[in-house]
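Let me begin by presenting the structure, written as structure tokens, before commenting on it.
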Amino acid sequence: MEKETSLEIVQRLREKWKNVVEFVERKISLGDKKRRFAYIFYLQGAADPNQVSRYILTPLLNETACFDQQVSILEVSESFTTLAKVTIISSTKEAIDMMVNGETILVVEGCEDVLSFNTNDFAHRTIGIAESERSLRGPFEGFVEDIQTNLSIMRRKIRTNKMKTLSFTIGEHTQTRVVLLYMEEFVDRKVLQTVKKALKNLKLEKVQSSTDIIEGISGNQSAYMPLLEVRERPDEIANGILDGKVAIMIDGTPFVLLGPTTFPSMLHAPDDYYYRAAISFVRVLRWIAFMFSITLPGLYVALLDFHQELIPSVLLFNLVGQAQGVPFPTMIEVALLIFFMQMIIDAAFRLPNGLVFILSMLGGFLVGDVAVQVGLITSTSLIVIGLTFISTFALPEQALYPPVRGMRLAFLFAGGILGFFGVLLVGFAYLNYLNALKSFGVPYMSPLTPFSLKDQKDNILRTMIFSKENKVHQFFHEKIKRQEGKP
């Protein structure tokens, strides 16, 4: 391909940005005796016009007499402009790529190459509270949609040159910037190479959310469980990369991906590290909550339909009396309750805040009071389903909610058809599936299977912070040996 001249780039930029209202072109005359033209291009809303005027236009016009002689593009960048970041480019494609990222293009007549100035000023919100990972103690700040702001937050959290960042551009139409963060001293090399290769080879038409990247790089797009953690809190990302993990920032979303992920780490919450280790039994409660959230309806149905001899006589007579007026079998009754409860929750997430309270009142009145009085459901079934959903909301990782909903139905139907045997059968199959999963080559159930005694210091229970080895994290797919003076 032949090299484009500067005037050809000017003409082609006009053609490429035809019918784009944000496209701005400014033509200025330089030189007192021998006049030559300079062309400035940028996108309004992406570039800052004040920076263009102050750091490009004004210096050029103040030194206009210098352009009576032949001036190279390098001299223009070094002597006549005052912006810190300047890039020399030589093609229309490079110019377009720069402009969509908020940069300003300068073409000087008579110069072969053109200049690109970093003047981006995209609109973005200020740093706010992490709504999806709220805690009573610790920092409240959360990531925002602007990736440069997020990188600044991380530099404030980890003030060392050992935190490395690699940039990728993904999405044919969106040209989304994706940044990989890791600690050079602690990172697992196999994980790093796997993620770098996956991001480099990822070909997508658009990137609108973190899910697009997750499905592209997880290595197992059909995985039912989340293979990457999705975090909104900077302190969680900082802790993760200091433990040898890698973080993936995506421009346009306030959520950062962290991996490799293990199932036990999905039950860790930010609050765990802001209280004394003595209260780490809360993690045990989360494990119990997870088991309740998927098995409680199935166990309830199996107990009533197949194993009534295990129920105390007084309670059994009470349950049988309640069920006499209900027109549905126990399994169908519980399934309908789960369906309507899930509908109420989904509606609450999408309604304006002012209507959520009304929806809660209406849902509680219809599903709770009226349905029990009419005889559509029993009060015991309502209590069981209420405990099930409360257990679900006790889980700190929202990415677990969709698989929990699916497994709840699997246990329910297994318990309704085969009793306790069906519940055990589905339970063993689920455990086998979890043991077979891997996140970037790391076993999903580690450090439980395969078992690692050293890593139990921060697994189901948390010991004192000073007793943990905050060094290179040895994932099970490789062992990292540190040498003197080498990471």
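The values are calculated or read from the model by the stated rules, or taken from the named source; none is laboratory data. All figures in this text were calculated on a predicted structure; none of them were measured in a lab. With ideal geometry, Cβ positions are generated from the backbone for all residues, glycine too; neighbour counts draw on all protein chains shown. These accessible areas exclude ligands, DNA and RNA; they are computed on the full protein's heavy atoms, side chains included. Shrake-Rupley method; radii C 1.70, N 1.55, O 1.52, S 1.80 Å.
Projecting label points 7 angstrom from Cα along Cα→Cβ for Glu22 and Ile88 puts them 3.0 nm apart.
Label-to-label distance, Arg14 versus Val320, with points set 7 angstrom from Cα along the beta-carbon direction: 9.2 nm. Would you mind checking the pairs Lys200/Lys438; Lys196/Lys457; Lys93/Lys200; Lys197/Lys457; Lys3/Lys197 and listing those with alpha carbons more than 27 angstrom apart? Among Lys200/Lys438; Lys196/Lys457; Lys93/Lys200; Lys197/Lys457; Lys3/Lys197, the Cα-Cα distance tops 27 Å for Lys196/Lys457; Lys197/Lys457; Lys3/Lys197. Check Val246: other-chain or 5+ apart residues with amide H under 5 Å from its amide H, H built from backbone geometry? Residues meeting the amide H criterion: Gly259. Cα centroid separation, the stretch 141-183 to the stretch 52-91: 30 Å. Converting phi to 3J(HN,Hα) with the Karplus coefficients 6.51, -1.76 and 1.60 and the offset θ = phi - 60°, the stretch 178-188 yields 10, 10, 9, 10, 7, 9, 4, 7, 10, 5, 6 Hz in sequence order, with x at every glycine or proline.
Given the alpha-carbon gyration tensor of the chain, what are the semi-axes of its equivalent ellipsoid in whole angstrom, ordered largest first, with each equal to the square root of 5 times an eigenvalue? Intermediate results must be reported in sequence, preceding the final value.
Values: eigenvalues 666, 152, 73 Å².
Equivalent ellipsoid of the chain: 58, 28, 19 Å, largest first.
Annotation: amide H of Asp188 has no partner in the under-5 Å range at sequence separation 5 or more or interchain, hydrogens built in the peptide plane. Can you quote the Å³ per residue value for the convex hull of the Cα atoms in the stretch 312-435, rounded to an integer? Measuring per residue, one finds 128 Å³ for the Cα hull of the stretch 312-435. For Phe393 and Gln44, a Förster radius of 56 Å and the Cβ-Cβ distance give a FRET efficiency of 0.80, rounded to the nearest 0.05.
Each peptide in 251-262, 386-397 was scored by the mean count of other Cβ atoms within 10 Å over its residues; highest first, the order is 251-262, 386-397.
Relative to the present Cα-Cα distance, how much length would full extension add between Ser132 and Lys196 at 0.36 nm per residue of separation? Full extension of this stretch gives 20.3 nm more. In this structure, Leu362 and Ile383 have a Cβ-Cβ separation that, at R0 = 22 Å, corresponds to a calculated FRET efficiency of about 0.65.
Students often check this: by mean Cβ neighbours within 10 Å, which of 103-111, 434-442 ranks highest, and how do the rest follow?
Details: 103-111: 22.7, 434-442: 18.6.
Highest-to-lowest ranking by the protection proxy: 103-111, 434-442.
Accessible area per residue for the chain, computed on protein heavy atoms with a 1.4 Å probe, is 53 Å².
Here the Karplus relation 6.51 cos²θ - 1.76 cosθ + 1.60, evaluated at θ = phi - 60°, turns the backbone of the stretch 132-146 into coupling constants of 7, 9, 6, 8, 7, 10, x, x, 9, 5, x, 5, 10, 6, 8 Hz, with x for every Gly and Pro.
Please compute the contact order of the chain in relative form: average sequence separation of alpha-carbon pairs under 8 Å and at least six residues apart, divided by the residue count, as a percent.
Numbers: 732 pairs, mean separation 66.9, N = 487.
It comes to 14 percent, rounded to a whole number.
For the chain, the 222 nm mean residue ellipticity estimated from helices alone, with every DSSP H stretch of n ≥ 4 adding -39500 (n - 2.57) and the total spread over all residues, rounds to -12500 deg cm²/dmol.
Taking every alpha-carbon pair under 8 Å whose residues sit at least 6 apart, the stretch 70-152 reaches a relative contact order of 24 percent. The apolar share of the surface of the chain, taken as the fraction of accessible area on carbon and sulfur atoms (1.4 Å probe, ligands and nucleic acids excluded), comes to 59 percent.
Along its three principal directions, the equivalent ellipsoid of the stretch 154-243 from the Cα gyration tensor extends over semi-axes of 23, 15, 14 Å, largest first.
Between 0 and 90 degrees, the angle of helix 353-363 with respect to the longest Cα principal axis of the chain falls at about 20 degrees. For the stretch 183-247, GluC sites (Glu not before Pro) are listed when DSSP marks them as loop and at most 10 other Cβ atoms sit within 10 Å of their Cβ; the list is Glu205. Over the stretch 47-124, the pair-distance histogram of Cα-Cα distances with 5 Å bins from zero comes to 3, 16, 28, 24, 18, 8, 2, 1, 0 percent, rounded to whole numbers.
For Gln175 and Ala429, the difference between the fully extended length at 0.36 nm per residue and the C-alpha to C-alpha distance is 87.3 nm. Each residue of the stretch 102-112 was assigned a 3J(HN,Hα) from its phi angle through the Karplus curve 6.51 cos²θ - 1.76 cosθ + 1.60 (θ = phi - 60°); the sequence is x, 8, 10, 9, 10, 10, 10, 4, x, 9, 5 Hz, with glycine and proline shown as x.
Summary of packing: across the peptides 344-350, 83-89, 94-100, 293-299, the per-residue average of other C-beta atoms within 10 Å ranks them, highest first, as 293-299, 94-100, 83-89, 344-350.
Note down the net charge around Phe393, summing +1 for each Lys or Arg and -1 for each Asp or Glu among other residues with Cβ under 13 Å from its Cβ.
Values: positive: Arg134, Arg286, Arg405; negative: Glu397.
Every neighbour counted, the sum reads +2.
Between helix 420-436 and the chain there is an angle of about 30 degrees, using the helix long axis and the longest principal axis of the Cα atoms.
Under 5 Å from the amide H of Glu4 lies no amide H of any residue 5 or more positions distant or on a separate chain, with H modelled from the backbone and absent for Pro and chain starts.
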